[in-house]
Structures are given as structure tokens and as C-alpha cells.
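These notes concern the structure reproduced below.
The values are calculated or read from the model by the stated rules, or taken from the named source; none is laboratory data. For clarity, every value in this text was computed on a predicted model and none was experimentally measured. Positions of Cβ are generated from backbone atoms using ideal geometry, with glycine treated the same way; all protein chains shown enter the neighbour counts.
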Amino acid sequence: RREQPGERARECELGVFRGCVRPRRGECDGTGDRDDVDNVCSRLQTRLDSVLDRYSDLLVLAGTVFLFARLGRLEAVAAVLLALIGTLMVSYTRAKSESLGFSSGSGMANVGLAPREVRSVILSLALVVAGLLVEPVGAVAPTWWYILVGSLAVIAILATITTIQRILFVYRQSK
């Protein structure tokens with residue numbers, strides 16, 4: 001049987017959803033050419049992993065926007081939106097620079113003060129601490145609010161600095 005165009009990629013994509021970390025010999029192409037199979041499947045897995053990382057970042061921030069909007073705290077909504085913009089710009093500068101051939105692989109991920117992992121840890125710790133300090137509804141300025149808004153402001157600032165660092169890194173590489 002002749003392979004149809006794109007068939008291998010579709011089979012590998014399905015393998016990703018089945019939990020295929022490393023496909024069995026010939027699983028994706030039927031020929032047993034493991035190097036080719038690993039290459040196609042690993043690119044698809046990497047792309048899917050990257051997309052799901054962005055969704056997880058954005059969903060958590062969207063949830064905090066919803067929380068603060070329901071509480072009528074527009075200044076907190078602004079802090080979340082600034083963190084959201086910064087998060088998207090860090091991701092965008094990496095993707096764009098790598099698509100133009102600058103510092104592909106993990107090189108660009110290591111550039112900057114606050115890559116995704118740092119921002120995730122800051123937000124996760126703030127959410128846990130804020131959850132432990134929830135005060136009765138009606139408190140004028142609850143402690144958890146300051147912790148959460150403060151961490152979002154820190155994320156917004158660090159993400160902006162990281163974006164600038166990545167832009168400068170690409171600029172230096174282009175010379």
C-alpha cells in the first residue's frame with residue numbers, strides 16, 4: 001500500500017494523544033525507520049507541548065481576571081492584563097526569533113530574567129499563599145488580595161524585562 005501525503009504526520013499526532021512518548025519501531029510509517037519516526041513524532045510532541053503550555057498559562061491568568069472582575073477590582077484586572085500581555089510577548093519573541101533562525105532549541109528559552117518556569121512558580125506560590133490567607137468577605141483590603149496583585153505586578157514587570165532581553169539577544173545575534 002502506498003502512503004498518502006501527510007499520513008505519517010496524522011498517525012504520529014494520534015500517537016501523541018495515545019501517550020506515545022517514543023513510538024514502537026515503524027509505528028508511524030510502517031517501515032521500521034526509527035530515526036525518521038522519532039524525528040516526526042518528537043516535532044509534533046514538542047509543538048503540542050508548547051501550545052498546551054501557553055493554554056495553561058493563559059487559563060490561569062484568565063481565571064484571575066474573572067475573579068477580580070467579579071469583585072469589582074479594576075486595578076487588579078489591569079495588573080492581570082499586564083501580566084497576560086507580558087506572558088504573551090515573552091512567548092512571541094521566542095517563537096518569532098526561532099522561526100527566523102535565531103537561537104533555536106533551548107537557547108532562547110534560557111534568555112531573560114523570567115522564563116515561563118519562573119513566572120509559573122511566582123504565580124503558583126502567590127495563589128497558594130493567597131488561598132491560605134482568605135479573609136471574610138467584606139474585608140476592606142484583604143491580605144490575599146495584596147499578595148496576588150503584587151505577584152501579578154512582579155510577573156508583568158519581569159515578563160517585560162525578559163521580552164526586552166530576548167529582543168536584545170536576537171539583535172546581538174543578527175550583527
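Quick check: is even one residue across the stretch 143-162 modelled with pLDDT under 85 and farther than 16 Å from residue 63 by Cα? Scanning the stretch 143-162 turns up at least one residue that is modelled with pLDDT under 85 and farther than 16 Å from residue 63 by Cα. The conditions of being within 16 Å of residue 121 (Cα to Cα) and among the small types (Gly, Ala, Ser) are not met by residue 91. The residues listed here are 97, 91, 56, 106; of these, the one that is under 30 Å from residue 166 (Cα atoms), modelled with pLDDT of 85 or more, out of contact with any helix residue (DSSP H, G or I) (no Cβ under 8 Å at 6 or more places or on another chain) and polar (S, T, N, Q) is 56.
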